[in-house]
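Here the structure is laid out as structure tokens; the discussion comes afterwards.
The values are calculated or read from the model by the stated rules, or taken from the named source; none is laboratory data. These numbers come from a predicted model, not from an experiment. Ideal geometry is used to build each Cβ from the backbone, glycine not excepted, and the neighbour counts take in all protein chains shown. Areas reflect the complete protein model, heavy atoms only, side chains present, ligands, DNA and RNA absent. Shrake-Rupley method; radii C 1.70, N 1.55, O 1.52, S 1.80 Å.
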Amino acid sequence: MPRLPPSPGLRPVVARVAALNLGYFGVEIAVALAIGSVALIADSLDFLEDAAINLLIFAGLGWSVRNRARLGTLLAGILLVPGLATAYAAYEKFSDFTAPAPVPLTLTGLGALLVNLACALMLARHRDGHGSLTRAAYFSARNDVAANLAIIAAGLVTALTLSPWPDLVVAAGIAVLNADSAFDVLKAARREWRAAAEDAASQARA
């Protein structure tokens, strides 16, 4: 596990990423509710989740390995929340099985893509510098880029077919991506737990 200290520029980076995510959450959830898009609901919850993750990272920088491992475990749990919310939104969608408006769906997905690309680029050089914390933020931004490309594709397919299925399929894919990220962050947190135990054992022997 990398034990390098965080770079001095990491704290302002995660603060900017948190602000961008929180701002676009407001935009995307408004459009999602207006057009009835489950994929946009899932993605907007990702933006809210990413804002929370980066704020927690902002608070957790400089903590001990053991405390970072605790926070990393918490973040892995947070990554699962949008998937559960998406499942509920998809269930509700079947009671009104109509396709979302394709143009707002596509344009909102494009805007989300630009925001997440900016966040992923800002976080990319820090992703291995502070264990599970920065890995959580980087994985979230990276996966959201893939999700946004899928949303754009869903908007184009919806325009051609007027079917609600592309939106629902993309929403399911976003939920799977979040579950995979949660597993990756949990593995990083477990490595930090082991490192903390090894450090404690070394100090006891000294």
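Across region 165-199, which residue is modelled with the highest pLDDT among those that are in contact with a Ser or Thr (Cβ under 7 Å, 6 or more places away or on another chain) and open to solvent by 10 Å² or more (accessible area, probe 1.4 Å)?
The selected residue is Pro166.
Answer yes or no as to whether Ala85 is open to solvent by less than 50 Å² (accessible area, probe 1.4 Å) and modelled with pLDDT of 70 or more. It would help to see each step written out before you state the result.
Numbers: open to solvent by less than 50 Å² (accessible area, probe 1.4 Å): yes; modelled with pLDDT of 70 or more: yes.
So Ala85 passes the test.
For region 74-82, check the following and say yes or no: at least one residue is outside any helix (DSSP H, G or I) and over 25 Å from Leu149 (Cβ atoms).
There is no residue in region 74-82 that is outside any helix (DSSP H, G or I) and over 25 Å from Leu149 (Cβ atoms).
The numbered conditions (1) of a type in the set (A, V, I, L, M); (2) touching a residue at least 60 places away in the same chain (Cβ under 8 Å); (3) assigned to a helix (DSSP H, G or I) are all true for Ala99 except (3). Out of the residues in region 22-43 that are of a type outside the set (A, V, I, L, M, F, W, C) and in a helix (DSSP H, G or I), which is farthest from Ala175 (Cα to Cα)? The selected residue is Gly23. Of the listed requirements (1) at pLDDT 75 or above; (2) among the hydrophobic types (A, V, I, L, M, F, W, C); (3) crowded, with 23+ Cβ neighbours inside 10 Å, Leu22 misses just one: (3).
Is it fair to say Pro12 is at pLDDT below 80, surrounded by fewer than 24 Cβ atoms within 10 Å (Cβ to Cβ) and within 19 Å of Ala124 (Cβ to Cβ)? Spelling it out, it is not the case that Pro12 is at pLDDT below 80, surrounded by fewer than 24 Cβ atoms within 10 Å (Cβ to Cβ) and within 19 Å of Ala124 (Cβ to Cβ). Ala34 fulfils the conditions (1) open to solvent by less than 60 Å² (accessible area, probe 1.4 Å); (2) touching a residue at least 40 places away in the same chain (Cβ under 8 Å) except for a single criterion, (1).
Based on what the data block shows, is Asp128 under 19 Å from Ser64 (Cβ atoms), open to solvent by 10 Å² or more (accessible area, probe 1.4 Å), charged (D, E, K, R) and at pLDDT below 75? So Asp128 passes the test.
Every listed requirement among (1) in contact with a Phe, Trp or Tyr (Cβ under 9 Å, 6 or more places away or on another chain); (2) at pLDDT 70 or above; (3) over 30 Å from Leu33 (Cα atoms) is met by Val157 save one, (3).
Would it be correct to say that Glu49 is within 17 Å of Ala120 (Cα to Cα) and either open to solvent by less than 20 Å² (accessible area, probe 1.4 Å) or part of a helix (DSSP H, G or I) (or both)? Answer is yes for this residue. Going by the conditions given, is Leu55 of a type in the set (A, V, I, L, M, F, W, C), at pLDDT 75 or above, open to solvent by 40 Å² or more (accessible area, probe 1.4 Å) and touching a helix residue (DSSP H, G or I) at 6+ places or on another chain (Cβ under 8 Å)? It is true that Leu55 is of a type in the set (A, V, I, L, M, F, W, C), at pLDDT 75 or above, open to solvent by 40 Å² or more (accessible area, probe 1.4 Å) and touching a helix residue (DSSP H, G or I) at 6+ places or on another chain (Cβ under 8 Å).
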